[in-house]
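Working notes for the structure below.
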Amino acid sequence: QVQLVESGGGLVQAGGSLTLSCAASGSGFRINVMGWYRQAPGGQRELVAAITDGGRTNYADSIEGRFTISRDTAKNTVLLQMDSLKPEDTAVYFCNAEARLIGTTRTRTYWGQGTQVTVSS
């Protein structure tokens with residue numbers, strides 16, 4: 001079992017910055033991919049950014065180079081540095097992890113509880 005704990009959300013003015021952090025805990029697993037998704041009111045959950053254990057990254061087109069995802073594989077933490085925030089970035093941001101049970105090929109997806117990011121105009 002993997003637990004994900006997020007921190008760093010809040011209220012910021014347009015053009016400002018926030019950094020989200022997510023820490024994974026548990027035992028008997030290896031995390032392959034960690035990432036961030038977001039869900040705006042009335043909208044669907046969508047990928048923001050993801051990073052593999054090898055450091056390969058993937059970003060949503062809507063991010064347009066404003067966000068940076070990074071990872072400390074040894075500590076099982078992932079950060080999302082968000083710059084030049086826009087009101088349309090307002091959403092609940094969820095940490096996500098795809099983990100493999102050590103000794104097997106089975107993978108599972110885990111989610112954090114979510115953290116609110118609000119960008120005022």
Inset, instruction - Quick one: pull the percent of accessible area on the chain belonging to carbon and sulfur, 1.4 Å probe, ligands and nucleic acids left out. - result: 47 percent
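Would you please classify the overall shape of the chain from the alpha carbon gyration tensor, given that a ≥ b ≥ c denote the square roots of the eigenvalues, rounded means a/c under 1.5, and beyond that prolate means a/b larger than b/c while oblate covers the rest? Walk me through the numbers on the way to the answer.
Numbers: a/c = 2.12, a/b = 1.94, b/c = 1.09.
The shape class here is prolate.
Taking R0 as 30 Å, what's the FRET efficiency between T104 and L11 from their Cβ-Cβ distance, rounded to 0.05?
0.10
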Inset, instruction - Hey, can you find the accessible area per residue of segment 1-63 for me, probe 1.4 Å, expressed in square angstrom? - result: 52 Å²
Legend entry - Unit charges on C-beta of K, R, D, E only; dipole of the chain, Debye: 460 debye
Legend entry - Rough spin-label spacing in nm, given labels placed 7 Å along Cα→Cβ, for T73 and L47: 1.9 nm
Inset, instruction - For an R0 of 41 angstrom, estimate the FRET efficiency from the Cβ-Cβ distance between S84 and S25 and round to the nearest 0.05. - result: 0.80
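Scan segment 8-92 for GluC sites (Glu not before Pro) in coil per DSSP, keeping those whose Cβ has at most 13 other Cβ atoms within 10 Å, and list them by number. Spell out each step's value before the answer.
Details: sites: E46, E64, E88; in loops: E64.
Counting only loop positions with at most 13 other Cβ atoms within 10 Å, the GluC sites (Glu not before Pro) in segment 8-92 are E64.
The values are calculated or read from the model by the stated rules, or taken from the named source; none is laboratory data. What you see is a predicted model; the values in this text were computed from it and never measured. All Cβ positions, glycine included, derive from the backbone under ideal geometry; neighbour counts span all protein chains shown. Heads up: the accessible areas ignore ligands, DNA and RNA and are worked out on the full protein's heavy atoms, side chains in. Shrake-Rupley method; radii C 1.70, N 1.55, O 1.52, S 1.80 Å.
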